[in-house]
Amino acid sequence: MSLNVEHHESRVLPSEKPVRLLDNAGHALRGPETGGFELPATETLLELYRRMVIARRFDVQVTALTKQGRLATYPSAYGQEACEIGVVSAITADDWFFPTYRDSIALLTRGLEPADILQSFRGDWHNGYDQRAHRTAAQATPLATQALHAVGLAHAARLRHDPIVTLTYLGDGATSEGDAHEAFNFAAVWQTPTVFLVQNNQFAISTPLSRQSHATTLADKAVGYGMPGYHVDGNDVAAMYAVATAAVDRARAGGGPTLIEGLTYRIEPHTNSDDPTRYRQGREVEHWKRRDPIERLEKYLVSEGALTDEVRAEIGEAAEALAARTREAMNEQPELDPLELFDHVYSTPRTALAEQRAALEAELAAHRTEEEVTAR
Amino acid sequence: MSRTATERAADAAAAAAQPMTMAGALNAALRDAMEADDRVVVYGEDVGPLGGVFRVTDGLQSRFGDERVWDSPLAESGIIGTAVGMAMYGMRPVVEMQFDAFSYPAFEQIVSHVAKMRNRTKGRLELPMVIRIPCAGAIGGVEHHSDSSEAYWAATPGLTVVMPSNPADAYSMLREAIDSDDPVVFMEPKSRYWSKASLELPVRTEPMNRAKVVREGTDVTLIGYGPTVRTALDAASAAEAEGLSVEVVDLRSLSPFDDETVSASVRKTSRAAVIHEAAQFGGYGAEVAARLTERNFFHLAAPILRITGYDIPYPSPKLEEHYLPTPDRVLDALASWEWDLA
């Protein structure tokens, strides 16, 4: 008697070789490497290209603004655009997205304004956009915690028979966290419509994947929870989009959660305060720069005749316009009201907070008077 | 939801005054809250067919079905984290941490998300959820089953932390906690689960953010919450025989702290002691003593005392009687003051 009586998708180990639809030279692949996934339509790929180019321009702009001191910090996703944009493009405006601090460019694709996305990194307030309006949770800083929120929200939606899907992003380091395990398990047990994207960019700040996990692939973890897992070339947006779309469709149809690992690379430092020369070789970065996700798709689109000079120019203009809007927004220094610190902690007013608010108000007034006297 | 004749009869019987345990009152509060609002869902470890290890959720799954009451996987961070997501979607989850010390895996979710979501989003996203935590000792529990973790939660801005001491408050405060748009850590003193009172449901007591003078006196104020309200009342009765008139305040809410009620009592009596099971160092009593001193220093005749557990891990069952603050220990502490009762 065989123990493997079922050959359900969730019992099959992901391929060790990542699923790939376009090779690094931009050639469409056939055969086992595609994992049975179809190359998305050229029109779709052109739109993904457009989103990636705009996202990168934004990312480069924000990194520059951070170096100029306009922002307190900015975790760049340069080089991870195929994961960031390809997967979030697979969900609809009605679905919910649970991002991390590194996923600002995915928020851009989600339709959020640069000024709103960057409010927290500029240091104005911890979260600068309307989560409900955009169906996009605050960018989580504590690792993997948001994955549980995604599972809970998906479960609530299912109980209400709302056909929505939740998507959450995690990094390779976050898969070591207990909350990642608990989120995978709850999602599988409850069969929630949740898609987990693990962006394996190979570093958790300085710690390499080899010190994070002994698994052959991070997607392998899915099998233990009883859900399908896919190990995908995270610099191939065609593959990321195709696999994510299949996972989202399956989730929406009641087929439960999926774990997708996108194998990619963090080109930039962890944040502007990191020093990658202490833990990795420049030639490794160069190696991955030659596997750039945007260039790969560009080669394919050019070979298909879909990316004309006209289209390229139009995309370039849109990217520059967004960069200008981002600069403009970050050059503004909005007046912050320190008294607002007390206003949102509880829905029920508290006497002690009112007293502390009044104390700060008096302190500010005294300070203003002092300034006026000095100015005279 | 259609009701069977048996259930209607049960409801009618419930309306008449009847002796009820605190566990029973909590169960009734959950049932009535679920009847009143279909956004209320209950889940946690063993809360379904078993009805929870203390039977507080007894019968709820058979009454409301497993889409409103269900057993979750055994993972506290997962329970709280998913409840955050459910509350974000407009549900009102009431989740159970099976025992005080088992809530610690959820510490990050509670402190970093439950407590901060409203402030982070400038009030655009509220988390109306209740985290029920059976707490404290005196039940002969083995290690990790008798912790008093209230100071951790009370020290976290964004959380509302309450602890009832009797069945009527248990019912009323749990209903109020479930109705609150703020997340509430609802602590249930295990040793009081089987205490009884005659209740006519739905009973409503004072608002849950208010302390209550449960015994009037003129010489000293004993401040307790949860399990130590009984300790204080017993000590007060014994002290009366010795000629001391003792006032007892049941805090009920640990965060917010009802300065008005407690300070008024302390100004009246000019002496105060706070009693809790948790260790003394950095415990909740330190906050009570500090803020009462700040506000009432010139009305005080003596330093405010803390009568608490020792600064040691909670002991094993055969030794817990030596750890817990008892009425005798309270009386000894009161005797340490200089009294001039003439």
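The values are calculated or read from the model by the stated rules, or taken from the named source; none is laboratory data. This one's a predicted model, so the numbers in the text were calculated from it and none came from an experiment. Cβ: placed from backbone, ideal geometry, glycine included. Neighbour counts: every protein chain shown.
Could you look through the range B:26-55, keep only residues that are within 27 Å of A:A183 (Cβ to Cβ), in a loop (DSSP other than H, G, I, E, B) and touching a helix residue (DSSP H, G or I) at 6+ places or on another chain (Cβ under 7 Å), and pick out the one that is nearest to the other protein chains (Cβ to nearest Cβ)? I'd like the intermediate steps shown before the answer.
First, pick out the residues of the range B:26-55 that are within 27 Å of A:A183 (Cβ to Cβ): B:30, B:34, B:38-50, B:52-53.
The next check asks that each one be in a loop (DSSP other than H, G, I, E, B); those that pass are B:38-39, B:45-50, B:52-53.
Adding the requirement that they be touching a helix residue (DSSP H, G or I) at 6+ places or on another chain (Cβ under 7 Å) leaves B:48-49.
Numbers: B:G48: 14, B:P49: 17 Å.
Across the range B:26-55, the extreme among qualifying residues is B:G48.
Looking only at the range A:5-32, which residues are at pLDDT 95 or above and either more than 24 Å from the chain's Cα centre (by Cα) or part of a loop (DSSP other than H, G, I, E, B) (or both)?
We begin by selecting, within the range A:5-32, every residue at pLDDT 95 or above; these are A:18-29.
Selection gives A:P18, A:R20, A:L21, A:D23, A:N24, A:A25, A:G26, A:H27, A:A28, A:L29.
Considering only residues of the range B:88-108 that are touching a Leu at 6+ places or on another chain (Cβ under 7 Å) and facing chain A (nearest Cβ under 10 Å), which is surrounded by the fewest Cβ atoms within 10 Å (Cβ to Cβ)?
Across the range B:88-108, the extreme among qualifying residues is B:Y89.
Just need a number here: residues in the range A:266-292 that are closer than 14 Å to A:G79 by Cβ and either under 23 Å from the mean Cα position of the chain (by Cα) or part of a helix (DSSP H, G or I) (or both).
Taking the range A:266-292 and keeping what is closer than 14 Å to A:G79 by Cβ, we get A:266-270, A:276, A:280, A:284-292.
Keeping just the survivors that are either under 23 Å from the mean Cα position of the chain (by Cα) or part of a helix (DSSP H, G or I) (or both) gives A:266-270, A:276, A:284-292.
The number of residues fulfilling the criteria is 15.
Picking from B:E126, B:E67, which residue would you name as being touching an Asp or Glu at 6+ places or on another chain (Cβ under 6 Å), within 8 Å of chain A (Cβ to nearest Cβ) and not in a helix (DSSP H, G or I)? Before you say what the answer is, go through the steps one by one.
Values: B:E67 fails: touching an Asp or Glu at 6+ places or on another chain (Cβ under 6 Å).
Going through B:E126, B:E67 in turn, just one is touching an Asp or Glu at 6+ places or on another chain (Cβ under 6 Å), within 8 Å of chain A (Cβ to nearest Cβ) and not in a helix (DSSP H, G or I): B:E126.
Of these, B:V248, B:V288, which one is touching a residue at least 12 places away in the same chain (Cβ under 8 Å), out of contact with any Pro (no Cβ under 9 Å at 6 or more places or on another chain) and assigned to a strand (DSSP E or B)?
Within the list B:V248, B:V288, the selection yields B:V248.
Mind checking whether some residue in the range B:44-53 is among the charged types (D, E, K, R) and touching a Leu at 6+ places or on another chain (Cβ under 7 Å)? Steps first, please.
Initial filter on the range B:44-53 (among the charged types (D, E, K, R)): B:45-46.
Add one more test, that the residue is touching a Leu at 6+ places or on another chain (Cβ under 7 Å), and what stays is B:45.
Taking every residue of the range B:44-53 in turn, at least one turns out to be among the charged types (D, E, K, R) and touching a Leu at 6+ places or on another chain (Cβ under 7 Å).
Is it fair to say A:E304 is modelled with pLDDT of 95 or more and either surrounded by 14 or more Cβ atoms within 10 Å (Cβ to Cβ) or more than 15 Å from A:V60 (Cβ to Cβ) (or both)?
Working: modelled with pLDDT of 95 or more: yes; either surrounded by 14 or more Cβ atoms within 10 Å (Cβ to Cβ) or more than 15 Å from A:V60 (Cβ to Cβ) (or both): yes.
For A:E304, the condition - modelled with pLDDT of 95 or more and either surrounded by 14 or more Cβ atoms within 10 Å (Cβ to Cβ) or more than 15 Å from A:V60 (Cβ to Cβ) (or both) - is met.
Please work out if A:N127 is in contact with a Phe, Trp or Tyr (Cβ under 6 Å, 6 or more places away or on another chain), surrounded by fewer than 24 Cβ atoms within 10 Å (Cβ to Cβ) and either facing chain B (nearest Cβ under 9 Å) or basic (K, R) (or both).
On the way: in contact with a Phe, Trp or Tyr (Cβ under 6 Å, 6 or more places away or on another chain): no; surrounded by fewer than 24 Cβ atoms within 10 Å (Cβ to Cβ): yes; either facing chain B (nearest Cβ under 9 Å) or basic (K, R) (or both): yes.
Criteria not met by A:N127.
From the set of residues in the range A:263-283 that are in contact (Cβ under 8 Å) with a residue 24 or more places away in the chain and of a type in the set (S, T, N, Q), which is nearest to A:E81 (Cα to Cα)?
At the first step, the residues of the range A:263-283 found to be in contact (Cβ under 8 Å) with a residue 24 or more places away in the chain are A:263-274, A:276, A:278-280.
Add one more test, that the residue is of a type in the set (S, T, N, Q), and what stays is A:264, A:271-273.
Numbers: A:T264: 9, A:T271: 17, A:N272: 19, A:S273: 22 Å.
My answer is A:T264.
Could you please let me know if B:G78 is in a helix (DSSP H, G or I), touching an Asp or Glu at 6+ places or on another chain (Cβ under 6 Å), closer than 22 Å to A:R135 by Cα and free of Cβ contacts under 8 Å to residues at least 60 places away in the same chain? Explain how you work it out, then say what you get.
On the way: in a helix (DSSP H, G or I): yes; touching an Asp or Glu at 6+ places or on another chain (Cβ under 6 Å): yes; closer than 22 Å to A:R135 by Cα: yes; free of Cβ contacts under 8 Å to residues at least 60 places away in the same chain: yes.
Yes; evaluated as a whole, the condition is true for this residue.
Select from the range A:169-183 the residues that are facing chain B (nearest Cβ under 10 Å) and crowded, with 24+ Cβ neighbours inside 10 Å and write down the one among them that is farthest from B:E67 (Cα to Cα).
Our first condition is that a residue be facing chain B (nearest Cβ under 10 Å); within the range A:169-183, this holds for A:177-179, A:181-183.
Still in the running and crowded, with 24+ Cβ neighbours inside 10 Å: A:179, A:182-183.
Details: A:D179: 24, A:E182: 20, A:A183: 19 Å.
Result: A:D179.
Would you check if A:E84 is more than 9 Å from chain B (Cβ to nearest Cβ) and over 30 Å from A:E335 (Cα atoms)? Even if it seems obvious, please write down each step before you answer.
Values: more than 9 Å from chain B (Cβ to nearest Cβ): yes; over 30 Å from A:E335 (Cα atoms): yes.
Yes, satisfied.
Please work out which residue is surrounded by the fewest Cβ atoms within 10 Å (Cβ to Cβ), limiting yourself to the range B:235-254 and to residues that are within 29 Å of B:A155 (Cβ to Cβ) and out of contact with any Gly (no Cβ under 8 Å at 6 or more places or on another chain).
B:S253
Sort out which residues of the range A:130-153 are more than 8 Å from every other protein chain (Cβ to nearest Cβ), among the hydrophobic types (A, V, I, L, M, F, W, C) and under 20 Å from B:K122 (Cβ atoms), and write them in order of number.
Those that are more than 8 Å from every other protein chain (Cβ to nearest Cβ), among the hydrophobic types (A, V, I, L, M, F, W, C) and under 20 Å from B:K122 (Cβ atoms): A:A133, A:A140.
Residues of the range A:33-65 being charged (D, E, K, R), surrounded by fewer than 18 Cβ atoms within 10 Å (Cβ to Cβ) and part of a helix (DSSP H, G or I), which ones? Reasoning before the result, please.
Our first condition is that a residue be charged (D, E, K, R); within the range A:33-65, this holds for A:33, A:38, A:43, A:47, A:50-51, A:56-57, A:59.
Remaining after also requiring surrounded by fewer than 18 Cβ atoms within 10 Å (Cβ to Cβ): A:33, A:38, A:43, A:47.
Passing the criteria: A:E33, A:E43, A:E47.
What pairs come out if I take residues in the range A:284-295 that are assigned by TED's automatic domain parsing to the domain that holds A:A238 and pair them with residues that are among the hydrophobic types (A, V, I, L, M, F, W, C) and assigned to a loop (DSSP other than H, G, I, E, B) whose C-beta lies under 9 Å away, six or more apart or interchain?
A:V285/A:I267; A:W288/A:I267; A:K289/A:I267; A:D292/A:I267
Could you tell me whether any residue of the range B:190-201 is within 14 Å of another protein chain (Cβ to nearest Cβ) and of a type in the set (D, E)? Steps first, please.
At the first step, the residues of the range B:190-201 found to be within 14 Å of another protein chain (Cβ to nearest Cβ) are none.
Looking through the range B:190-201, none of the residues is within 14 Å of another protein chain (Cβ to nearest Cβ) and of a type in the set (D, E).
Can you tell me which condition B:E260 does not meet? The list is (1) part of a loop (DSSP other than H, G, I, E, B); (2) at negative phi, and all the others hold.
Among (1) part of a loop (DSSP other than H, G, I, E, B); (2) at negative phi, the lone unmet condition for B:E260 is (1).
Please work out if A:I91 is farther than 22 Å from A:R266 by Cα and over 10 Å from the mean Cα position of the chain (by Cα).
Working: farther than 22 Å from A:R266 by Cα: yes; over 10 Å from the mean Cα position of the chain (by Cα): yes.
The answer is yes for A:I91.
Please work out which residue is nearest to A:P349 (Cα to Cα), limiting yourself to the range B:138-192 and to residues that are touching a helix residue (DSSP H, G or I) at 6+ places or on another chain (Cβ under 6 Å) and among the acidic types (D, E).
B:E150
The rows are residues; the columns are (1) crowded, with 24+ Cβ neighbours inside 10 Å; (2) at pLDDT 95 or above.
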| residue | (1), (2) |
| --- | --- |
| B:K116 | no, yes |
| B:G140 | no, no |
| B:H144 | no, no |
| B:T156 | no, yes |
| B:M163 | yes, yes |
| B:V184 | yes, yes |
| B:R204 | no, yes |
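If the Cβ limit is 6 Å and pairs must be 6+ apart or interchain, which residue in the range A:341-360 that is basic (K, R) pairs with which residue that is surrounded by 13 or more Cβ atoms within 10 Å (Cβ to Cβ)?
A:R350/B:P256; A:R357/A:F342
Out of everything in the range B:57-87 that is buried (at least 21 other Cβ atoms within 10 Å of the Cβ) and among the hydroxyl-bearing types (S, T, Y), what residue ends up being nearest to the chain's Cα centre (by Cα)?
Filtering first and then ranking leaves B:T57.
Picking from A:G224, A:G234, which residue would you name as being without any contact (Cβ under 8 Å) to a residue 24 or more places away in the chain and either within 14 Å of chain B (Cβ to nearest Cβ) or farther than 18 Å from A:L13 by Cβ (or both)? Walk me through it before giving the result.
On the way: A:G234 fails: without any contact (Cβ under 8 Å) to a residue 24 or more places away in the chain.
When all the criteria are applied, what remains is A:G224.
Between A:G69, A:G79, which is crowded, with 24+ Cβ neighbours inside 10 Å, at positive phi and not in a helix (DSSP H, G or I)? Spell out the reasoning first.
Details: A:G69 fails: crowded, with 24+ Cβ neighbours inside 10 Å.
Every option except A:G79 fails the conditions.
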